[in-house]
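Values quoted throughout were computed directly from the atomic coordinates according to the rules given, and no laboratory measurement underlies them. Source: prediction; values computed, not measured. So basically every Cβ, Gly included, is an ideal-geometry build from the backbone, and we count neighbours across all protein chains shown.
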Amino acid sequence: MVAQSRYTAVPAVPLVGVDEWQSQILNALKENVELLTGTRGEADQASVAVNLARLSVAAPPVQGMQRVTAVGSGATISGTNVPLFEDYTKLLVDVQQLANDVANLRATVDVLIIQLRG
């Protein structure tokens, strides 16, 4: 659920007692404030400003991969360099942790994009 922003309504610009240029400026300012706060009735709400009340995305989980554990250990068999099974297994775990971290960040960014679009 998105929290509601709190704005005070902008009063109508007086029709008498102000110069025409002042009235035009005040009307433009009133309209822009109403567009930014979403109180103008704009159908697509394209002009509504982003504010803290509209964002509730949680921080991503702590990164799982802190460092690469594979060290590049290998052996030469019949003149061909091959990784040691233990090191290869560590690399697989490292890659999976990295993939999980990327997926978590992507999920967080997806939620943020949805909230920013309103």
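One table, with the values for the structure above:
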item	result
Filter pass, residue 79 being touching a Pro at 6+ places or on another chain (Cβ under 8 Å), at positive phi and surrounded by fewer than 12 Cβ atoms within 10 Å (Cβ to Cβ)	no
Subset of segment 51-70 [surrounded by 11 or more Cβ atoms within 10 Å (Cβ to Cβ) and charged (D, E, K, R)]	54
Checklist (1) surrounded by 13 or more Cβ atoms within 10 Å (Cβ to Cβ); (2) touching a residue at least 12 places away in the same chain (Cβ under 8 Å) applied to residue 73, failing item	(1)
Segment 76-94: number of residues that are part of a loop (DSSP other than H, G, I, E, B) and within 28 Å of residue 64 (Cβ to Cβ)	1
Filter pass, residue 44 being under 30 Å from residue 106 (Cβ atoms) and out of contact with any strand residue (DSSP E or B) (no Cβ under 9 Å at 6 or more places or on another chain)	yes
Complete set of residues in segment 27-50 that are polar (S, T, N, Q) and either at positive phi or surrounded by fewer than 13 Cβ atoms within 10 Å (Cβ to Cβ) (or both)	27, 45
